[in-house]
Structures are given as structure tokens and as C-alpha cells.
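Asker: Have a look at this one.
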Amino acid sequence: MKKFMSKYFQITVLTSLLLLIFVLGGVFSRYMTSQIEVHANDNAIKEFNQSLINLVGSGELIEEFDVVGIDKEYDIPGLEGEKYQPELIGAYKVYDSESKVIAVVYIISTIGRDEGLEIAYAIDIESKVIIDTMVVDSSETPDYFQALNFGFYNQLKNKTLDEVLFNLDAVTGATLSCLAVETGMQYARELFARDFDFTIPDIVYTINSVIRNFDKTTMADKPFIVNITYGSDNQELEAYFDNDLNYLETISGTEPNQLYKDVFKDALPTQASIDLRAKVIDYDSTTRTLSVLTRAYHRDNIIIEVTFDETFTSITSLTIISKETYDSDYNDLYTGAPSPVIENAYKDQYLADGSYLDTFAGATVTSNGIIRLLTLIDEVMSAWNGGN
Amino acid sequence: MARFAGGKAPFLRISDTKGHNTQAIMKDFMIAMSPVILFSWYKNGIKVLIDGNINFIEMLYPLFFIAMGAILSTLMEGIFFYVTDKEHRSFQDILDKLSRSYAAIPGIILALLLPLYTPIWVLMFAAFVATIIGKMIFGGFGHNIFNPALLGYAIVGFTLMGVVNRAGGLFNASEVLVDAYAGATPLGVLASGKQLSFDLLVKPYGGLFNLFIGSYPGALGETSSLAIMIGGVYLVYKKIIKWYTPVIYVGTVFVLSWLIGLVSGEAGLWFPTYSILTGGVMFAAVFMATEPVTTPTNSLGKVFFALFLGVLTVLFRFVGNLPEGVGTSLIFLNIFTIAFDKYTAVIRTKKLAKPGGLYLAILTGLFILLAIYTVIKAGNMYSLVMPILGWVI
């Protein structure tokens, strides 16, 4: 070793230096390169936080605070009877220059046309209003989502959390997305009520029963009779409601104020025990012809006009008026066949023995609509002929 | 009959007996480089730390990178001396040779030319090419044909630029956040779009003054024309370089760029100004076109060298698809340095008499032809004014 070093000391030192630079310099270079991603992420977070401060409109600092969501389910837009739990993605407190909390931002994920619509709701702590909102992420179909214009989002600005109904007017053609935004807004209020000193205003009421009006002379104009108990003093009310669930006329009790009427209209579709989607629209007592209507697949209506015999025990004629079309991808049975194949099938079966066919695959909404109407016709007939 | 003395550059005006030698040149060179080095450290390190986009360790990296360039090229040369000279292998012998050999300069220039995020092993490879292949194999200092730093830079550019870009490229942590840059340097925008628009080429980078100061994306040492000019003035003052070489080179690039702008319909002076402030023109003018070994020694040779360098820089920028033509044109002209020296020496002695006049005509004619070709090819004159010439070219 001594001999080696005495002979090759200089070159050993030089090459060792070179090696040391290679190793240490390489480590430093790698560190520099790895820091690029770190800085990009840090900057993305900084920019996001700044965007939330900008959303609030004032404020110096923002800080994430550790909260969890609450258990509350909402209807899935477009899927009747199915519910889901919105997801709290993040919650932030915004501070002013004196380190006082001035606003809170909740980022909530809801379901519209698709899952994963994430919206930030900024709420002012003191005035308890929604300051503004911002779409953080969205998988909504762009054509529909872009219909949510400035006018729609403007409803949310300065919206007070003290509103009883606390909902939004939807935009035509983007109803599902609008419902998602509304659900997120309502969920944000629930969170705010839990995290800060706030009580959600509530209206006390109970819908006791919803029945159809089978009076031949008034059924078309006043189709539903609703029995409600409302108010802190439990007032009893029985009233007529129209096909759009607007309050029409008091049968007994005290007529409520408009706020209650709006609440009842909002609540009836989910709390009524009968299917309110099947509606009586006309009855001609001369010809004994009843017209009933329901919403169908393409948002047009299916109307059935049925004529009864004198005893209301059988049907002398039945006509289905429909603009439904069917997707041949779903069922070869009606590939290329002109409508109203489904309608005629149901009509023929019903007229033959009074029964309903099963729903057709690929035309479920149309099938269910027709079944709904035939069921209503049976109920009317039964009411008029004493139970048959 | 005139007699010529021959030898290898540099030929010093200062006598060795006064204790001044190549070390004096190296010292002055380092002093001239210091504004450039300090600015590059400030722009890519200190300022980015102040912006809050890097930490303290990262702030030191530009300085570390430049120091590594110097150390690596010195080490490479030292190892070469050791391996090739068996008689003089002591540390003192090696140090003596290194002190006369400008060992650190190619490494420093390399580090200033390469992007900030160049891995150290790439710098090592470039230093090896520059020092061993570009200089030592030719016989060491004074015998090389090509500018060593440029050779190393060119080889890395051809072979390892993908590696450099994947490691992070030349945008520092503050510059990557500027949306206006859109990930491109000023010349990168020109090369990709070929549009002479102030709003595209200058405005995103803060204006012409900002280009002059050097606060725009680019290699470590090439961006600050102000710092380079300070170094250049110092070198002229110390008589290390001749003032007219950088002036003629920059002036040629300026005039040709202005003519191209005119032909393309852009008469503003902003475009030629932008052309000289970007792409390393100033850096090459002061520190590379004046390099004593690989550029002509007589004054007329220097003049023609600077003229041809200017026209080739513009030609490669506009007619070729290179984002900058400085390095390529300089390497190319290094091949003709001896020819420049030879023919301009004859011109100086023979004046217009044969064959001096002939050589002068050839050199001048060649320059003019190249200049016209560059302007026509790059501008729109070709298709509108001179259809015959356009068909020929």
C-alpha cells in the first residue's frame, strides 16, 4: 500500500477528487431536480389558497381546519327514491390582518349528471351569508354545465343562510347540475350550523295524508286533497292542491301564509303516499271521457283518454297520445319499428284483461309512465263504480 | 522583403520580466467574468430565494455549478498532464503547468453556457470534451483549433440535451411560474413561430430594458448584457481584448437583423435590439469571439472574423432552425482562423497590389454575398422584388 501510494499518490488524489465531485455533485443535482416537483406542488397549493382568499374577497391568511362531514342524505338528481351522502373535500378558515376568522370555505362534492362536482362555498361568519362560490372540479357534461351561467351563480351571492326554503332556481337544460349545486349549498349550511353558532330555521309541519279528489265536477281543476298539521300551535288544515302542487283552496282550517304554501309544494313530491306524477287533466261528463297525463322520457307528456260505460265498470275506448321514441340499441323487438309499439302493446293488454305488461327493457320510463296512468284509471273507475 | 515572425497566440503586450504573464490574463479574465457570475447567481439563486420559491441550499446551486465547471476542467487537465508527462508528475509541476494554461476558463464558460439544471455528470462530460478533446489533444493551450468551451457545449447539445431538459432545463423556480413565458425563451419563441412581433418576442419578457438587464429565462451567463458589457469594458481597458471585435460583431448582427426586419415589414429598432440582447450574442462577442488562441491574431483578421461571425450568426438563426446561431457559427469559423490570419496578413502588407487586392475582394465579396443571401432568405424581399435572384437562390 505504501509503495502504491508513493508511486501513484498524485493520480489517486486527482481521480478521487473527480469521483467525489461526481458523487456529491450528482446528489446535489438530483436534489435540485427533485425539488422542481416539490416547488410546483407548493405553488399549486399557494395558488389554490389564494383563489379561496379571492373568493372571500378579503382576508390575509387561510388555514385548513380539521372537520369531518355530517350524516345527511339528499336525493340523487334524476333517480327517484335514491339518496346519497355529499362528501366534504376540505374546509378552510380565512383570517383578517388581526387574525380574526372572517369567513369559512367548504369544498363539497355532490352528484349532478355525474359524480364528483366539487364546489367551494364561501360563507361570511358574521353576516351568515354565502359570499360567493367557485367550481373546483367537475365531471359534468360540458354542454350542460356551461348552461349554468352568471345568472345562476349570482343567486348564491349574498344568499342568507336564514332562508327557510334555501333553494335555487334551476336553469333549463341543466337541472341535474343545478340540483347538485343546490345540494352542496344546503350541505354547507348544515356544516356551518355545526361548526359555528348558527341554527337552521325550520318550519314545523306534518303532511298527514294526500288523496285524490274523485268528484267528477271538480277533479280536473282540484285534483288533490291534502291534510296537513302545521305551525308551532299544530293547526289542522285540509286543502285542495292543483296538478303542480300549488295551494288552491282551503277546505277546512286556516289558510297558511305563502311561506308555508311554498314549503308544502316543495315537500309534497317526496312525502305524499300516492304517485303525484299521474295527473287528471280533464273529465267530460257528457261523453264520460277522462284524460290523464304523466311526464315521460323526452319530457313530453303521455296522455291517455279513456271513455267509460254508463256504469263505470268497463272501458269503451282508450287512446294513448304519446311522442315517445325508443332506442333500438336496447331491444331488438322494436328495432326500426315506428312508435307507438309500446303504447299499443299496453293498450291491447289492458283492454283485453285489465292487466299491465311488464316494463320493456330500453323503454323503462315510457313503460312506467303508461302503467302509472293505467293504475290511475283503475283507481278512478273503482272510486266511481263502488269498488270494482 | 517583408519577414513574418510566427508563433502561437497569445502574444502579450506586457513583458514577462515585469512578472506579468498568462496568469495576468487569467486574473483579468476572471475579474471581467465576475459581474456575469454574480448576476447569474443573483438571478437564479438569491432572487428566487427572496421570491420564496427555493430554499437556502438551492440558492447556492448556481455558484456551486460554476465553481464545479472551473474545478472539473482544471482537474481534467491536471490528470491529462499527469498521464502524458511522466517526467513531471509532482503536484508542483502540475500546478505550474495549470497556472500557464487557462485551465479553469473553459469550465467556467461551459457552466455559464449550460442550463441551470444540467446534471453534474453532464457538466463533467462537457468539461472532458472541452478540455481533453478540445484542447489537450491538439497540444494544449495555444495549440487548439476550436474554442474548447464551445466544443464541449456543442457536443452536449447534440447528445445530452434531452437529459438536461428532463432534469429541469434552464427555467429557474421563479421563471417556471410565469405564464407569459409559456415555457419558452425569447429566441425559442422566434424559432418556433418566425413571427416578428414585439408582443410575442419582447413584451412577455418585460420589455427591452429587462432583456438588457438580463431578467429573462436563459443559460446562466448569457442573459445579462449589462454585466457582460461591464466585463467587456474592463477587458478593453486592460488591453486583453480589442474593442473593435465585439463592436463589429454585435454591429453586424444588429444591422442584418434590422434589414431583415425592414424586409419583413417591421421597421422598428426593437427587433435588431432584441437580436443582440438575446441568444448569447453579447457573451460571445466579449468572451468567445475575442479568445486569443482560436481567433485571428492580426487586426484585419479580427475585423473580418467578426464580420463573418455576425453574418453567420444571423444566417443560422433565421435560415437554419436553430434557436441560436452563435455557438455553431463560432465553431465553424474557428476552422478558418488560420486562413483569416494568412490572407489578411498579405492584405495588410500588399494593400491593394496583387495578391492583396484579390484576397480583399474575395473576402469582402463573400461577406456581401452571405449578407445579401441571409437578408433575402430570411426576409420577404425574395418573393416580391427580385424574382430572378429568388429563383436562383
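Asker: Looking at B:37, B:46, B:66, B:57, which one is assigned by TED's automatic domain parsing to the domain that holds residue B:100, over 22 Å from residue B:121 (Cα atoms) and β-branched (Val, Ile, Thr)? Quick ask: steps written out before the conclusion?
Answerer: Working: B:37 fails: over 22 Å from residue B:121 (Cα atoms); B:66 fails: over 22 Å from residue B:121 (Cα atoms); B:57 fails: over 22 Å from residue B:121 (Cα atoms).
Matching residue, one of B:37, B:46, B:66, B:57: B:46.
Asker: Which is aromatic (Phe, Trp, Tyr), outside any helix (DSSP H, G or I) and open to solvent by 60 Å² or more (accessible area, probe 1.4 Å), of A:198, A:214, A:166? It would help to see each step written out before you state the result.
Answerer: Numbers: A:198 fails: open to solvent by 60 Å² or more (accessible area, probe 1.4 Å); A:166 fails: open to solvent by 60 Å² or more (accessible area, probe 1.4 Å).
Being aromatic (Phe, Trp, Tyr), outside any helix (DSSP H, G or I) and open to solvent by 60 Å² or more (accessible area, probe 1.4 Å) holds for just one of A:198, A:214, A:166, which is A:214.
Asker: Next question. Just checking, does the range B:238-252 include any residue being open to solvent by less than 60 Å² (accessible area, probe 1.4 Å), charged (D, E, K, R) and under 26 Å from residue B:287 (Cα atoms)? Give the derivation first.
Answerer: Within the range B:238-252, the first condition is being open to solvent by less than 60 Å² (accessible area, probe 1.4 Å), and the residues that meet it are B:240-241, B:244-246, B:248-252.
Narrowing the set further to residues that are charged (D, E, K, R) leaves none.
For the range B:238-252, residues open to solvent by less than 60 Å² (accessible area, probe 1.4 Å), charged (D, E, K, R) and under 26 Å from residue B:287 (Cα atoms): absent.
Asker: Please specify each residue of the range B:215-226 satisfying the condition of being open to solvent by less than 20 Å² (accessible area, probe 1.4 Å) and assigned to a helix (DSSP H, G or I).
Answerer: B:225
Asker: Sticking with this one: What residue, of A:382, A:355, A:322, A:328, is surrounded by fewer than 20 Cβ atoms within 10 Å (Cβ to Cβ) and modelled with pLDDT under 90?
Answerer: A:328 is the lone residue from the list that is surrounded by fewer than 20 Cβ atoms within 10 Å (Cβ to Cβ) and modelled with pLDDT under 90.
Asker: Check whether at least one residue in the range B:237-250 is at pLDDT below 95, in the same structural domain as residue B:301 (by TED's automatic domain parsing) and out of contact with any helix residue (DSSP H, G or I) (no Cβ under 7 Å at 6 or more places or on another chain), and report yes or no.
Answerer: Yes: the range B:237-250 contains one or more residues that are at pLDDT below 95, in the same structural domain as residue B:301 (by TED's automatic domain parsing) and out of contact with any helix residue (DSSP H, G or I) (no Cβ under 7 Å at 6 or more places or on another chain).
Asker: Then there's this: Looking only at the range B:66-94, count how many residues are open to solvent by 40 Å² or more (accessible area, probe 1.4 Å) and farther than 29 Å from residue A:29 by Cα.
Answerer: So the answer is 10.
Asker: Just need a number here: residues in the range A:24-38 that are open to solvent by less than 80 Å² (accessible area, probe 1.4 Å) and either in contact (Cβ under 8 Å) with a residue 60 or more places away in the chain or more than 9 Å from chain B (Cβ to nearest Cβ) (or both). Before the answer, list the steps.
Answerer: Looking only at the range A:24-38, we keep the residues that are open to solvent by less than 80 Å² (accessible area, probe 1.4 Å), and these are A:25-26, A:28-29, A:31-36, A:38.
Retained after the next criterion (residues that are either in contact (Cβ under 8 Å) with a residue 60 or more places away in the chain or more than 9 Å from chain B (Cβ to nearest Cβ) (or both)): A:34, A:38.
So the answer is 2.
Asker: Still on this model: Taking the criterion of being more than 34 Å from the chain's Cα centre (by Cα) and at pLDDT below 90, would at least one residue in the range A:292-306 satisfy it? Quick ask: steps written out before the conclusion?
Answerer: Initial filter on the range A:292-306 (more than 34 Å from the chain's Cα centre (by Cα)): A:306.
Among the residues that remain, those that are also at pLDDT below 90 are: none.
Scanning the range A:292-306 turns up no residue that is more than 34 Å from the chain's Cα centre (by Cα) and at pLDDT below 90.
Asker: For the range A:296-308, how many residues meet the condition of being among the charged types (D, E, K, R) and not in a strand (DSSP E or B)? Walk me through how you get there before you give the answer.
Answerer: To start, the set of residues in the range A:296-308 that are among the charged types (D, E, K, R) comprises A:299-300, A:305.
Adding the requirement that they be not in a strand (DSSP E or B) leaves A:299-300.
Counting residues in the range A:296-308 that are among the charged types (D, E, K, R) and not in a strand (DSSP E or B) gives 2.
Asker: Would you confirm, using the coordinates I've provided, whether residue A:238 is open to solvent by less than 80 Å² (accessible area, probe 1.4 Å), out of contact with any Leu (no Cβ under 6 Å at 6 or more places or on another chain), free of Cβ contacts under 8 Å to residues at least 24 places away in the same chain and outside any helix (DSSP H, G or I)?
Answerer: The answer is yes for residue A:238.
Asker: Restricting the search to the range B:173-211, which residues are under 23 Å from residue B:53 (Cα atoms), exposed (fewer than 14 other Cβ atoms within 10 Å of the Cβ) and of a type in the set (D, E, K, R)?
Answerer: Of everything in the range B:173-211, just one residue is under 23 Å from residue B:53 (Cα atoms), exposed (fewer than 14 other Cβ atoms within 10 Å of the Cβ) and of a type in the set (D, E, K, R), namely B:179.
Asker: Let me ask you something else. For the structure I just gave you, tell me whether residue A:80 is more than 14 Å from chain B (Cβ to nearest Cβ), loosely packed, with under 13 Cβ neighbours inside 10 Å and touching a residue at least 12 places away in the same chain (Cβ under 8 Å). Let's see the steps before the verdict.
Answerer: Values: more than 14 Å from chain B (Cβ to nearest Cβ): yes; loosely packed, with under 13 Cβ neighbours inside 10 Å: yes; touching a residue at least 12 places away in the same chain (Cβ under 8 Å): no.
No, not satisfied.
Let's see how each residue does on (1) assigned to a strand (DSSP E or B); (2) without any contact (Cβ under 8 Å) to a residue 60 or more places away in the chain:
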residue	(1), (2)
A:259	no, no
A:265	no, yes
A:268	no, no
A:275	no, no
A:280	yes, no
A:283	yes, no
A:294	yes, no
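Asker: In the list B:344, B:328, B:364, which residue meets the criterion of being over 16 Å from residue B:294 (Cα atoms) and either touching an Asp or Glu at 6+ places or on another chain (Cβ under 9 Å) or assigned to a helix (DSSP H, G or I) (or both)?
Answerer: Just a single option satisfies the conditions, and that option is B:364.
Asker: I need the full set of residues from the range B:75-94 which are among the hydroxyl-bearing types (Ser, Thr, Tyr) and within 10 Å of another protein chain (Cβ to nearest Cβ), in order please.
Answerer: Residues satisfying the conditions are B:82, B:90.
Asker: Filtering the range A:87-107 down to residues that are touching a Leu at 6+ places or on another chain (Cβ under 6 Å) and under 15 Å from residue A:187 (Cα atoms), which residue is surrounded by the fewest Cβ atoms within 10 Å (Cβ to Cβ)?
Answerer: Looking at residues that are touching a Leu at 6+ places or on another chain (Cβ under 6 Å) and under 15 Å from residue A:187 (Cα atoms), I get A:106.
Asker: Select, from A:183, A:172, the only residue that is open to solvent by 50 Å² or more (accessible area, probe 1.4 Å) and within 22 Å of residue A:267 (Cα to Cα).
Answerer: A:172
Asker: Shifting gears a bit: Given the conditions (1) closer than 17 Å to residue B:212 by Cα; (2) open to solvent by 10 Å² or more (accessible area, probe 1.4 Å), report the number of the one that residue B:264 does not fulfil.
Answerer: (1)
Asker: Would you say residue A:339 is over 28 Å from the mean Cα position of the chain (by Cα), closer than 21 Å to residue A:365 by Cβ, open to solvent by 30 Å² or more (accessible area, probe 1.4 Å) and at pLDDT below 90?
Answerer: yes
Asker: Here is a further query. Kindly evaluate residue B:27 against the criterion of being part of a helix (DSSP H, G or I), at pLDDT below 90 and of a type in the set (Lys, Arg).
Answerer: Taking the combined requirement at face value, the residue satisfies it.
Asker: Within the range B:95-141, take every residue that is within 14 Å of chain A (Cβ to nearest Cβ), touching a Gly at 6+ places or on another chain (Cβ under 8 Å) and of a type in the set (Val, Ile, Thr) and give me the one that is surrounded by the fewest Cβ atoms within 10 Å (Cβ to Cβ).
Answerer: B:120
Asker: Here's another thing I want to ask about it. Does residue A:233 qualify as being within 30 Å of residue A:121 (Cβ to Cβ), modelled with pLDDT under 90 and open to solvent by 50 Å² or more (accessible area, probe 1.4 Å)?
Answerer: Here the answer is no, as residue A:233 does not meet what is asked.
Asker: A further question follows. Is there a residue being more than 9 Å from every other protein chain (Cβ to nearest Cβ), within 25 Å of residue A:6 (Cα to Cα), outside any loop (DSSP other than H, G, I, E, B) and of a type outside the set (Phe, Trp, Tyr) anywhere in the range B:51-66?
Answerer: no
Asker: Please work out which one of (1) open to solvent by 10 Å² or more (accessible area, probe 1.4 Å); (2) outside any helix (DSSP H, G or I) is the condition residue B:295 fails and give its number.
Answerer: Exception for residue B:295: condition (1).
Asker: Among the numbered criteria (1) part of a helix (DSSP H, G or I); (2) over 17 Å from the mean Cα position of the chain (by Cα); (3) among the polar types (S, T, N, Q), which one does residue B:252 miss?
Answerer: It fails just one condition, (2).
Asker: Moving to a separate point now. Mind telling me which of the residues A:51, A:16 ends up being of a type in the set (Ser, Thr, Tyr), within 12 Å of chain B (Cβ to nearest Cβ) and at negative phi? Spell out the reasoning first.
Answerer: Numbers: A:51 fails: within 12 Å of chain B (Cβ to nearest Cβ).
Just a single option satisfies the conditions, and that option is A:16.
The values are calculated or read from the model by the stated rules, or taken from the named source; none is laboratory data. Bear in mind the structure is a predicted one, so any value in this text is a computation, not a measurement. Note: ideal-geometry Cβ built from the backbone for every residue, glycine included; neighbour counts use all protein chains shown. The protein model used for the area step is the full one, side chains on, heavy atoms only, and it has no ligands, DNA or RNA in it. Shrake-Rupley method; radii C 1.70, N 1.55, O 1.52, S 1.80 Å.
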